[in-house]
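> Take a look at the following structure, please.
The values are calculated or read from the model by the stated rules, or taken from the named source; none is laboratory data. Every value quoted in this text rests on a predicted model; they were computed, and no experiment measured them. Cβ placement follows ideal geometry from the backbone for every residue including glycine, while neighbour counts extend to all protein chains displayed.
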Amino acid sequence: MLVAAFTWGDLWRLALAVFLLAVGLSFAYLLLRLGGTVGRLSAFISGAEREILPVINKVGGSVDRVNGQLDKVDHITDSAVDAADSVDTAVRAVSMAVTRPVQKVSGFAAALSYGVSDFKAKHDWKHAVQAGKEAAARREQELIEELSEAGREQ
């Protein structure tokens, strides 16, 4: 009778073979599943590419049209700024043209009022004229200060 001797070394080799077979089958299953996932991912990317590229092209066209309209708006705002500058220059010119005569008229009115008042009080023509000139100068200076304060407030 032939008795096969089964040793601990044989048991160890058998256990190792079973373990390696299980590991190999697990890797094969894992790679099979990974291949399926990669296939689905590739199909998803292809579909997304087909769907997204036309949208990107449309968005690019829209951006180009918006940029064209913004260029037009830029020209319009430049024209509006130029018009506002022209109006400001005209208003300043008119203001300067009107300011000086108004100062003189206001000074004249103050001079007349103070001069007459001084003449009534002191009956001295030279003193009344001098008081009128001083009042006119004061009124013109007050008006200049008032206009400069109003200009700073704006």
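> With the requirement that a residue be on the phi < 0 side of the Ramachandran plot, surrounded by fewer than 14 Cβ atoms within 10 Å (Cβ to Cβ) and not acidic (Asp, Glu), what does the range 105-128 give you?
The answer is Val105, Ala109, Leu112, Val116, Lys120, Ala121, Lys122, Trp125, Lys126.
> Condition check: within 59 Å of the chain's Cα centre (by Cα) and closer than 30 Å to Ile144 by Cα. Does Val87 satisfy that?
Judged against the criteria, Val87 is a match.
> If you check Arg13, Arg50, which single one turns out to be surrounded by fewer than 10 Cβ atoms within 10 Å (Cβ to Cβ) and either among the charged types (D, E, K, R) or outside any helix (DSSP H, G or I) (or both)?
None of the other options fit; the residue is Arg50.
> Return the pairs, sorted by first residue and then second, in which the second residue is modelled with pLDDT of 95 or more and not in a helix (DSSP H, G or I), the first residue lies in the range 12-23 and is at positive phi, the beta carbons are less than 9 Å apart, and the residues are 6+ apart or on different chains.
Nothing qualifies.
> What is the residue count in the range 114-154 for residues that are small (Gly, Ala, Ser), closer than 15 Å to Gln103 by Cα and in contact (Cβ under 8 Å) with a residue 12 or more places away in the chain?
The number of residues fulfilling the criteria is 4.
> From the list Ala137, Ala83, Ala111, exactly one residue is in a helix (DSSP H, G or I) and touching a Lys or Arg at 6+ places or on another chain (Cβ under 8 Å). Which is it?
Going through Ala137, Ala83, Ala111 in turn, the sole match is Ala111.
> Continuing with the same structure: Does Val73 count as in a helix (DSSP H, G or I), modelled with pLDDT of 85 or more, among the hydrophobic types (A, V, I, L, M, F, W, C) and within 53 Å of the chain's Cα centre (by Cα)?
Yes.
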